[in-house]
Amino acid sequence: MVDCSTIDPATARRLAERCTAQGNPLADAPVSGGTVGAAAGTLTFMVGASDELFAQAQPVLQAMGKNIVHCGGTGTGQVAKICNNLLLATSMIGVSEA
């Protein structure tokens, strides 16, 4: 299973633990690119998963996106997305102040 929502890393890890306990490993793969990227198939996925689960999820994600980045273990996709959002917000604030 792949969760493409943007949630906090701790929740992603708890959700993955529950899913794995039921025999359904879960990768967190928040997305960047918006509706334009979705329509064009150029989304970026920041994936938190084991190497094995990432290898299984990668072909599915490649059907929807252009940049598939394995960030590390469970929850790290969410950390990368939060960092991405922070950088974007900082840039927007800087531009608006100029």
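Bear in mind that the values in this text are calculations on the coordinates, not laboratory data. Quick caveat: nothing in here was measured; it's all calculated off a predicted structure. Reconstructed Cβ throughout: ideal geometry from the backbone, glycine too, with neighbour counts over all protein chains shown.
Numbers at a glance
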quantity	calculated
Calculated from backbone phi, Karplus (6.51, -1.76, 1.60) coupling profile of the stretch 78-85 in Hz, x at Gly/Pro	5, 4, 4, 5, 4, 4, 4, 5
Under 12 Å, Cβ to Cβ, from Pro30 - net charge with Lys/Arg +1 and Asp/Glu -1	-2
Global geometry of the stretch 2-97, whether rounded, prolate or oblate, following the gyration tensor of its Cα atoms and the 1.5 cut on a/c	oblate
5 angstrom amide H check on Thr74, placed H, neighbours 5+ away	Ala49, Ser50
Beta bridge orientation in the chain: antiparallel %, DSSP, nearest 5	25
Relative packing of 27-37, 8-18, which averages over residues the other C-beta atoms within 10 Å, highest first	27-37, 8-18
Computed over the chain: relative contact order in percent, which uses C-alpha pairs under 8 Å that are six or more apart	28
Point-charge dipole on Cβ atoms (K/R +1, D/E -1) for the chain, about Cα centre, debye to 20	80
